[in-house]
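Here's the structure, in structure tokens; my notes come after.
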Amino acid sequence: MRIARIAHPTGMSFAVLEGEGPGATAAEVDGHPFAQVKTTGQRWALEDVRLLAPILPSKIVCVGRNYADHAAEHGHEVPSEPLIFLKPSTSVVGPGEGVRLPAVSDQVEHEAELAVVIGLPGAREADRDAASQAVFGYTCANDVTARDLQRQDVQFTRAKGFDSFCPLGPWIETDLEPTDNEIRCEVGGEVRQLGSTKDMVFDPATLISYISQVMTLLPGDVVLTGTPAGVGPLQGGDTVSVSVAGIGTLSNKVVPSE
Ligand code: ZN
């Protein structure tokens with residue numbers, strides 16, 4: 001099932017997306033989609049609504065160097081346990097929204113990633129089984145990074161935390177076992193990153209279990225699972241697209257600093 005958040009003619013809601021192409025529709029969900037998904041009976045043509053970021057997480061937990069080829073391109077070894085950091089909730093933007101280049105960075109880069117959306121009951125000190133149960137679904141993410149600031153600061157907070165540095169979308173796919181799914185990043189139609197989720201060092205259940213020993217993951221929280229090799233620069237005017245096979249494509253335009 002595809003779950004989106006939409007702006008529709010009378011407000012905003014979660015929605016179940018059905019069909020492809022011109023006949024595609026969005027069926028309004030009553031409340032949140034984490035337990036039994038109930039629709040209200042209200043339905044719109046997909047072209048009459050706007051897709052928003054599919055979830056507004058309380059936090060985004062990210063994992064660094066979770067693909068050996070990406071760790072190697074920056075001269076790092078693969079870590080022996082997951083390397084985690086946070087992006088603030090205010091970094092989230094939805095499909096089609098702008099990624100704004102901050103004036104203080106000269107090197108903003110894309111990182112195409114599979115994003116896990118946590119569902120009920122969340123995860124706290126979860127073993128792998130409980131961690132798997134806590135997965136609501138998957139979406140695409142771009143872990144936008146000011147690489148020069150990441151090198152300059154000891155902490156990743158500034159480099160990873162600017163407003164608009166976490167595009168999410170276009171929707172959440174709840175029926176997916178991402179054991180071997182292509183991850184692709186294109187900038188202006190040129191393929192920059194091409195990898196597969198099979199090459200993750202730590203799989204989503206391992207990551208959720210590990211993170212949940214540190215902090216409670218609440219329903220709606222998002223875990224970014226790391227990026228394959230090929231990260232590279234974004235310039236004002238670019239269109240950057242992240243695709244994960246079995247989910248869809250998340251596209252954003254890059255807005256230059258003023
Ligand atoms: Zn990343």
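The values are calculated or read from the model by the stated rules, or taken from the named source; none is laboratory data. Quick caveat, the model's predicted, so the values are computed rather than measured. With ideal geometry, Cβ positions are generated from the backbone for all residues, glycine too; neighbour counts draw on all protein chains shown. These accessible areas exclude ligands, DNA and RNA; they are computed on the full protein's heavy atoms, side chains included. Shrake-Rupley method; radii C 1.70, N 1.55, O 1.52, S 1.80 Å.
Averaging over all projection directions, the Cα-based convex hull of segment 164-258 occupies 7.3 nm² in the image plane. Computed with a 1.4 Å probe over protein heavy atoms only, the accessible area of THR249 comes to about 70 Å².
Of all beta bridges that DSSP places with both ends in the chain, some 90 percent have antiparallel geometry. Computed with a 1.4 Å probe over protein heavy atoms only, the accessible area of GLU47 comes to about 150 Å². Excluding same-chain neighbours fewer than eight residues apart, the aspartates and glutamates reachable from LYS38 by a Cα-Cα span under 19 Å are GLU18, GLU28, ASP30, GLU173, ASP175.
With r as the distance between the Cβ atoms of THR10 and GLN235 and R0 = 51 Å, compute the FRET efficiency 1/(1 + (r/R0)^6) and round to 0.05. That pair, GLN235 with THR10, gives E of 0.85.
Computed with a 1.4 Å probe over protein heavy atoms only, the accessible surface of segment 49-203 comes to 43 Å² per residue. Applying 1/(1 + (r/R0)^6) with r as the Cβ-Cβ distance of MET1 and LEU56 and R0 = 22 angstrom yields a FRET efficiency of 0.70. Local charge for THR139 was computed over the other residues whose Cβ lies under 12 Å away, with Lys and Arg +1 and Asp and Glu -1, and equals 0.
For LYS87, the aspartates and glutamates whose Cα comes closer than 12 Å to its Cα, not counting residues fewer than 8 places off in the same chain, are ASP143, ASP163, ASP221.
For the residues ASP238, ASP106, a 1.4 Å probe over the protein chains yields an accessible-area ranking, largest first, of ASP106, ASP238. Taking all protein chains together, VAL93, VAL78 sort by accessible area into VAL78, VAL93, largest first [probe 1.4 Å]. Within 10 Å of each candidate Cβ there may be at most 12 other Cβ atoms; applying that plus a DSSP loop requirement, which GluC sites (Glu not before Pro) in segment 54-99 survive? Listed in order of number, the matching sites are GLU77. Along each principal axis, taking the top coordinate minus the bottom one, the Cα set of the chain gives 53, 45, 29 Å in descending order.
In the context of the full protein assembly, ASP153 retains an accessible surface of approximately 40 Å², using a probe radius of 1.4 Å and ignoring ligands and nucleic acids. Seen from all directions on average, segment 2-51 presents a Cα convex hull projection of 3.1 nm². Free of any trypsin sites (Lys or Arg not before Pro) that DSSP assigns to a loop and that have at most 15 other C-beta atoms within 10 Å, the longest stretch within the chain is 125-258. Put a plus charge on the Cβ of each Lys and Arg, a minus charge on the Cβ of each Asp and Glu, and nothing anywhere else: the dipole of segment 14-126 about its Cα centre is then about 480 debye.
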